[in-house]
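Accompanying notes for the structure given below.
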Amino acid sequence: MLNIVDMKVFVVFLFLMFGFSSVAQVTKVDNRIVLEGKSAFEAYACNNCHGNKGDNLGDFSGLKKRFSDEEIIRYIKNPRLYGNKLMPVYDGVIPSDKLNTLVHYLHHLGSEQTPKKL
Ligand code: HEC
């Protein structure tokens with residue numbers, strides 16, 4: 001089993017490989033941020049609960065309506081503030097630049113989902 005540090009190194013490695021081999025494909029800054037968010041989503045194991053497409057637990061399709069980007073970051077840092085006892089507290093675990101990319105990725109996932117009833 002890879003531990004979280006190994007995984008992070010691996011993800012950075014993958015990102016560098018990908019980044020260098022396909023500079024021409026990743027033209028839009030937006031795309032880059034979404035891809036970085038995807039790496040973080042996997043590196044911090046968000047996909048374990050939320051699913052690779054974000055369609056498992058929770059509902060990212062309505063995020064924009066319910067939370068500002070700052071609130072989403074607040075939520076991820078401490079889900080307990082929102083009554084969520086299951087999700088890990090990520091305060092001090094995820095650096096703020098990664099949190100920003102995660103927000104972009106959550107919006108991206110949400111835009112591909114049909115809203116579900118919670
Ligand atoms: C141990 C499981 C678990 C992990 C790991 C996890 N979450 Fe969650 N998350 C949840 C649960 C459960 C909810 C509440 C879902 C609901 O309200 O139905 C939630 C809710 C959320 C919400 C609010 C969604 C909404 O519609 O209200 C966001 C944003 C979120 N998670 C982001 C993340 C991110 C980003 C990560 C990784 C850094 C992550 N989560 C990791 C279990 C998890």
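The values are calculated or read from the model by the stated rules, or taken from the named source; none is laboratory data. None of these values were measured; they are calculated from a predicted model. Cβ coordinates were reconstructed from backbone atoms using ideal geometry, including for glycine residues, and neighbour counts include every protein chain displayed.
Listing for the model above:
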item	result
Residue under evaluation residue 98, criteria (1) more than 26 Å from residue 32 (Cβ to Cβ); (2) among the charged types (D, E, K, R); (3) within 12 Å of the chain's Cα centre (by Cα), criterion not met	(1)
Of the criteria (1) closer than 21 Å to residue 39 by Cα; (2) in a helix (DSSP H, G or I), which one residue 57 fails	(2)
Scan of the range 42-76 for residues that are within 6 Å of the ligand (Cβ to nearest atom) and at pLDDT 95 or above, ordered by number	44, 45, 46, 48, 49, 50, 72, 75, 76
Flag for residue 34 being more than 9 Å from the ligand (Cβ to nearest atom), aliphatic (A, V, I, L, M) and without any contact (Cβ under 8 Å) to a residue 40 or more places away in the chain	no
Check on residue 91, within 13 Å of the ligand (Cβ to nearest atom), over 12 Å from the mean Cα position of the chain (by Cα), at pLDDT 95 or above and part of a loop (DSSP other than H, G, I, E, B)	yes
Scan of the range 34-81 for residues that are farther than 27 Å from residue 5 by Cβ and surrounded by 13 or more Cβ atoms within 10 Å (Cβ to Cβ), ordered by number	55, 59, 60, 61, 62, 63, 64, 67, 69, 71
Members of the range 76-118 that are of a type in the set (Gly, Ala, Ser) and touching a Phe, Trp or Tyr at 6+ places or on another chain (Cβ under 7 Å)	110
Residue match in the range 77-84 (condition: modelled with pLDDT under 95 and not in a loop (DSSP other than H, G, I, E, B))	no
Long-range neighbours under 8 Å by Cβ, at least six apart or interchain, first residue surrounded by 10 or more Cβ atoms within 10 Å (Cβ to Cβ) within the range 2-25, second at pLDDT below 80 and not in a helix (DSSP H, G or I)	10/2; 19/26
